[in-house]
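Visitor: Have a look at the structure that comes next, please.
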Amino acid sequence: MIDFRSDTVTRPDAAMREAMATAVVGDDVLGDDPTVKELEAEFAETLGKEQALFVPSGTMGNVIAVLVHARPGDELVMEERTHTFQYEGGAACRFGGVSIRTFPRASGTPEVSDVERCLRNPDDIHQPRSSLFVLENTHNMAGGRVVPLARVEELADFVHDRGLRMHMDGARLFNAAVASGQSPAKIAASADSVQCCLSKGLGAPVGSMIAGSAAFILEARRVRKALGGGMRQVGVLAAAGLLALREGPTRLAEDHARARSLASALAEIPGFSVDLEAVDTNIIMVDLQGWDSKALVSAAAQRGVFFFAITPTRLRFVLHRDVSHAQVEQAQTILQDLYGKGPDELGVPPGYDPDAEAWHA
């Protein structure tokens, strides 16, 4: 199985499993788990923030930030493919009573003018208050693009001048750091809060971190409890998180290099279109001509290569530590062989209906 569906499919290695098995634990809700405390302190230092909090998932981390920064009736602003808007089950509205106003930006790098157009008049009682700008970095659905540091700082200055806060969904923040040559602390410095997944390219099996001021984390801890995110002897997972934080970033450059290699090979397949300049990190977007994306996904899966269809004509491949260079080359051969064949030759199941399946993100 060669799995390009996401970097969430990584499995803990032997050293990580050993760390989990021998972790010193306590009751984290009571503040007694020493391994969790160590992880939170180390992450806060790495991000240059006052404090940090260990949470079960990136989605919960983003939702917590929304609930801390916004109140019911407020409005959030973000690019229209941002994870908080597209892939978190409407949690901001469901749990926070806040609305979301979006704008399109194909590159995934918002411009100040995009945000400016979305801001409400704070003196108009007919309108919701614009209270929070959410920036995803790297931007998943834009192909893992890195938002340049200068733009991050420009956007933060703009929203802060207008009384908003900025939350950075840095699920793949360390990918952005490795690709840009900037430290994670530098990238996150102007954000009021930041979320980062330990369970994607960094390799931990479970968990994310959020960081910000001491006041932010104090309230975030209360919100985490209300959402059911309070965990007990969770040091067994925090131990994996510590190894992910310490060792995971050193491996990301390999993922980026393999992504560029695979992207170049895919671009050579007739009917595959890849913007090679847009492959900043570990994600590749492929636009198809002449075949339905889900039919190709189904046929490739039967041959042991897994990836997602994003739209009827777009595929996504994600590189990670559990895909070797040899597997990348093997996948290239399989895809080159598949493309251009008819449905019968692809081995698509009889009666296959591409519109009957949900899109994957």
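The values are calculated or read from the model by the stated rules, or taken from the named source; none is laboratory data. Predicted model only: the values in this text are computed from it and were never measured. Neighbour counts are summed over all protein chains in view; Cβ atoms, including those assigned to glycine, are modelled from backbone coordinates with ideal geometry.
Visitor: Looking at region 285-297, can you tell me whether even one residue there is under 21 Å from A257 (Cα atoms) and either touching a residue at least 60 places away in the same chain (Cβ under 8 Å) or in a helix (DSSP H, G or I) (or both)?
Guide: yes
Visitor: Let me confirm something: among G61, G73, G90, which residue is in contact (Cβ under 8 Å) with a residue 40 or more places away in the chain and on the phi > 0 side of the Ramachandran plot?
Guide: Matching residue, one of G61, G73, G90: G73.
Visitor: Only one of R17, R5 is assigned to a loop (DSSP other than H, G, I, E, B) and surrounded by fewer than 22 Cβ atoms within 10 Å (Cβ to Cβ); which?
Guide: The conditions single out R5.
Visitor: Just give me the residues in region 60-84 being surrounded by fewer than 24 Cβ atoms within 10 Å (Cβ to Cβ) and part of a strand (DSSP E or B), in sequence order.
Guide: Matches in region 60-84: D74, E75.
Visitor: May I ask you to verify whether V147 is in contact with a His (Cβ under 8 Å, 6 or more places away or on another chain), within 29 Å of L319 (Cβ to Cβ) and outside any strand (DSSP E or B)?
Guide: In short, yes.
Visitor: From the list F85, F103, F4, F43, which residue is of a type in the set (F, W, Y), modelled with pLDDT of 95 or more and farther than 23 Å from R316 by Cβ?
Guide: On inspection, the qualifying residue turns out to be F43.
Visitor: Still on this model: So which pairs qualify, if the first residue must be in region 144-165 and closer than 29 Å to R5 by Cβ, the second must be assigned to a strand (DSSP E or B), the Cβ gap must be under 7 Å, and the two must be at least 6 apart or on different chains?
Guide: Between residues of region 144-165 that are closer than 29 Å to R5 by Cβ and residues that are assigned to a strand (DSSP E or B), the close pairs are G144/I283; R145/H139; V147/L135; V147/H139; V152/L135.
Visitor: Now, a different point. Name the residue, out of G241, G235, G248, that is closer than 23 Å to G58 by Cα and more than 19 Å from the chain's Cα centre (by Cα).
Guide: Criteria check complete, one pass: G235.
Visitor: Condition test on D7, is it touching a residue at least 12 places away in the same chain (Cβ under 8 Å), among the charged types (D, E, K, R), in contact with a strand residue (DSSP E or B) (Cβ under 8 Å, 6 or more places away or on another chain) and not assigned by TED's automatic domain parsing to the domain that holds L319?
Guide: Yes: the conditions hold for D7.
Visitor: Suppose the filter is assigned to a helix (DSSP H, G or I) and either of a type in the set (G, A, S) or at pLDDT 95 or above (or both); does A331 pass it?
Guide: Yes, satisfied.
Visitor: Out of the residues in region 254-282 meeting the condition of being hydroxyl-bearing (S, T, Y) and within 19 Å of A326 (Cβ to Cβ), tell me which one is surrounded by the most Cβ atoms within 10 Å (Cβ to Cβ).
Guide: Step by step, filter region 254-282, then rank; the result is S261.
Visitor: Could you tell me whether P122 is at pLDDT below 95 and either among the acidic types (D, E) or part of a loop (DSSP other than H, G, I, E, B) (or both)?
Guide: Yes; evaluated as a whole, the condition is true for this residue.
Visitor: Also, quick follow-up: Collect the residues in region 214-259 that are outside any helix (DSSP H, G or I) and either hydrophobic (A, V, I, L, M, F, W, C) or under 21 Å from G201 (Cα atoms) (or both), keeping them in residue-number order.
Guide: Hits for region 214-259 are L227, M231, V234.
Visitor: Inside region 85-118, can you point out the residues that are surrounded by 15 or more Cβ atoms within 10 Å (Cβ to Cβ), among the acidic types (D, E) and in a helix (DSSP H, G or I)?
Guide: Result: D114, single match.
Visitor: Now a separate question. Look through region 20-48, keep the residues that are part of a helix (DSSP H, G or I) and among the hydroxyl-bearing types (S, T, Y), and return whichever of them is nearest to I217 (Cα to Cα).
Guide: Residue satisfying both the conditions and the ranking: T46.
Visitor: To continue, here is another question. For R222, work out the one condition from (1) free of Cβ contacts under 8 Å to residues at least 24 places away in the same chain; (2) basic (K, R); (3) outside the structural domain of V55 (by TED's automatic domain parsing) it doesn't fulfil.
Guide: Here R222 clears every test but (3).
Visitor: Taking the criterion of being closer than 20 Å to Q51 by Cβ, among the hydroxyl-bearing types (S, T, Y) and over 12 Å from the mean Cα position of the chain (by Cα), would at least one residue in region 177-191 satisfy it?
Guide: yes
Rundown of residues vs (1) closer than 29 Å to F133 by Cα; (2) crowded, with 18+ Cβ neighbours inside 10 Å; (3) touching a Leu at 6+ places or on another chain (Cβ under 6 Å), yes/no style:
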| site | (1), (2), (3) |
| --- | --- |
| K186 | yes, no, no |
| S190 | yes, yes, no |
| M209 | yes, yes, no |
| A220 | yes, yes, yes |
| V234 | no, yes, no |
| A240 | no, yes, no |
| A244 | yes, yes, yes |
| E247 | no, no, no |
| L252 | yes, yes, no |
